[in-house]
Structure formats: structure tokens, C-alpha cells
Amino acid sequence: MNDTGRGGWPGRLKYGLAKSSQKITAGIGDLFTKRKLDAATMGQLEELLISGDLGVATTAKLIRALAENRFNQDVSSDEVRGLLADFVAAILEPVAQPLVLDPSRKPYVILVCGVNGSGKTTTIGKLAKQYRESGRSVLIAAGDTFRAAAVEQLQIWGERAGCPVIARDTGADAAGLAFDALERARTEAVDVLLIDTAGRLQNKKDLMAELEKIVRVLCKLDATAPHATLLVMDAGIGQNAHSQVEVFKEMVDISGLVLTKLDGSARGGVVVALAERFGLPVHAVGVGEAIEDLQPFEARAFSRLLLGLEGS
């Protein structure tokens with residue numbers, strides 16, 4: 001999942017974060033015009049960062065770090081943005097971890113969770129295509145058996161990626177489908193098995209039972225499966241992302257996050273808040289519909305673009 005072109009992924013990430021960046025940097029620019037970093041200014045900056053979805057706890061940490069460096073000194077907006085970008089990068093660096101497949105696990109089973117509309121199905125399709133392009137064999141299990149549209153979308157991605165998709169009739173048992181998919185993947189020596197799941201939070205008990213059952217039947221065939229359990233979230237939901245992480249962590253052992261649709265809102269700061277609170281690996285971020293628009297998460301590039309600076 002690499003893109004070395006200067007006009008490629010860096011440019012798309014910059015474009016995707018433009019709304020989030022503009023919201024924060026315009027406020028900092030208004031706030032700091034040859035002005036001392038005093039208590040009143042810090043209070044206003046705190047409000048600005050919270051409104052940028054960085055969260056109360058994260059914002060308090062950033063304000064403290066800024067005060068320790070420059071309290072009662074004259075600062076420019078550029079200096080403030082540079083310092084904040086460094087502090088944000090320090091929060092993000094421990095969680096910026098690409099999803100590394102263990103070749104000794106064959107198939108490497110990736111269970112993908114997320115609410116309906118989070119970009120989960122599209123993310124599975126993009127991952128499948130990226131893995132295929134890297135020379136791996138991939139099988140997709142359309143485990144969101146309640147949504148015909150999700151199955152159809154995966155089948156389209158399967159055709160694009162050149163990998164088979166296992167599907168059942170609407171309403172079929174998702175755990176049985178996952179079992180059959182793993183059985184087939186083992187028989188055919190497939191490298192990666194991607195399993196979609198339902199995301200109906202309004203029926204939380206039913207969903208929890210379904211996810212637990214999927215994990216249970218996978219373990220019957222492979223005690224170590226799933227090898228990764230990803231939670232896909234729409235970055236546009238802002239602080240509601242916290243409750244989504246909490247809810248899914250109750251159901252399954254979430255091993256990492258994928259944040260999608262960063263280009264659709266001004267709430268990119270929530271990635272920082274999630275890193276600070278949960279410390280879960282952020283494997284990838286998405287800024288559009290194309291396959292190239294899902295890339296590994298890079299802490300420094302993200303933090304600098306969020307603060308309106310260049311990503312390098």
C-alpha cells in the first residue's frame with residue numbers, strides 16, 4: 001500500500017484534510033497575531049481545539065505542553081501550529097502501525113466490523129485489491145447477510161480484484177458462512193481471508209451474539225483466528241467515534257482501526273482523540289472512493305496537514 005508520487009497520496013490526504021485543517025488553522029490565525037500566550041489566549045485555543053474534535057482530554061494535554069514551552073511569550077500562529085503539530089505527532093506515532101500480515105498464518109483471517117454506512121464494505125474491497133496487487137491470493141466472505149447491497153458491492157469489488165466472494169441468501173447464518181469460507185480458504189491455500197460482518201447497532205444484543213458466534217466457529221478450525229479484527233469508522237461522526245469503539249470492544253477483541261471519509265467532514269481531529277484515549281493501532285485512513293484513497297496511517301504527515309502545514 002505505497003504511493004511514492006508527490007502528487008499522489010500526499011496530495012489526496014492534504015485535500016482530504018482541508019476542511020479539518022481550515023477549521024483549526026483559521027481560528028489559530030485569528031487568535032495569534034503578535035500575541036502573548038497568556039491564560040486568556042490558552043482558554044480560547046482550548047475551545048478551538050475541542051471544537052476541532054480533538055477531544056477534551058487530548059486538548060488539555062496539548063495546551064499543557066504548549067504552556068510549558070511558551071507561556072507568557074510572544075508567539076505567532078505559525079509557531080503555535082508547528083508546536084501543536086509536533087505534540088500531535090507524538091500522540092499519533094505509537095498508534096501509526098500498518099497492518100502486517102503474518103505469513104505463518106495461512107490463511108491470514110481478517111474480521112472487519114463497523115456500523116452500516118461506515119465504509120466497511122468499500123474498505124474490504126480496497127484491501128482485497130491491494131493484497132491481490134501485491135501478489136497474494138484473497139477470498140472474501142460476505143458476512144453482512146442482512147444487507148443485499150453490501151453483498152452486491154463486495155461481489156463488484158471481488159470482480160475488480162480478481163478474487164472470489166462467498167455469499168449466501170439474505171438472512172443466512174453469518175457464522176456458518178464464515179466457517180465455510182475458512183474451510184475453503186484452507187483447502188485452497190489462500191493467503192488472506194477477509195470477512196465482512198453486520199453493523200446493526202440498534203440490535204446490539206443480536207449483533208454481539210452474532211459476532212461472538214463468528215469468532216467461536218472460526219476458532220473451531222483455527223484456534224488463533226481471527227488474526228486481526230478491524231473496526232472501520234467514518235471520521236465524519238466526530239466524538240461519536242468514541243462510543244462506537246467502546247461498543248465494539250465489548251463485542252469482539254478489536255485489534256486496530258481504519259478511519260474512512262476524512263475528505264467528507266471537518267472532524268479529522270477525532271483521530272488524535274481516539275489515539276490518546278484508546279491507544280489502538282490506526283492501520284489506515286481513507287479520503288475517497290478510489291482504491292488508492294486507502295493508505296497506511298502516517299503520524300507526522302497527518303499531524304502537519306491537520307495543522308495546515310505541509311505533510312513532510
Find how much the distance from Ser76 to Arg160 grows on full extension, using 0.36 nm per residue of separation minus their present alpha carbon separation; answer in nm with one decimal. 25.3 nm
Where in segment 226-303 are there GluC sites (Glu not before Pro) that are in a DSSP coil and have at most 14 other Cβ atoms within 10 angstrom of their Cβ? Glu289
Taking the C-alpha atoms of segment 9-92, how large are the radius of gyration and the largest Cα-Cα span, Dmax, in Å? 12.6, 39
How would Asp234, Asp38, Asp191, Asp196 line up from fewest to most surrounding beta-carbon atoms within 10 angstrom? Asp38, Asp191, Asp234, Asp196
Sketch the reach of a paramagnetic label on Lys220 as a point 7 Å from Cα along Cα-to-Cβ, and name the residues of segment 151-177 whose backbone nitrogen lies under 12 Å away. 175-177
Using only the Cα atoms of the chain, what semi-axes does the equivalent ellipsoid have when each is the square root of 5 times a gyration tensor eigenvalue? Give whole Å, largest first. 40, 19, 16
Name the residue from Ser77, Gly114, Gln44 whose Cα lies farthest towards the positive end of the charge dipole of segment 43-140, charges +1 on Cβ of Lys and Arg and -1 on Cβ of Asp and Glu. Gly114
Once Glu93 and Met208 are pulled to full extension, the length gained, defined as 0.36 nm per residue separation minus their Cα-Cα distance, is 38.3 nm
Quick one: net charge around Ala67, please, counting Lys, Arg +1 and Asp, Glu -1 for every other residue with C-beta under 15 Å from its C-beta. -1
In nm, the gap between the two label points placed 7 Å beyond Cα toward Cβ at Lys249 and Ala189 is 4.1
Lys and Arg at +1, Asp and Glu at -1: add these up for the other residues within a Cβ distance under 14 Å of Lys204 and post the number. -2
Lys36 paired with Asn240, simple spin-label distance in nm, labels 7 Å along Cα-to-beta-carbon: 4.4
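Since every read-out is calculated from the coordinates, none of them should be taken as a lab result. Owing to the predicted nature of the structure, the values given are computational and were not obtained by experimental measurement. Methodologically, a virtual Cβ is constructed for each residue, glycine included, from the backbone with ideal geometry; neighbour enumeration extends over all protein chains shown.
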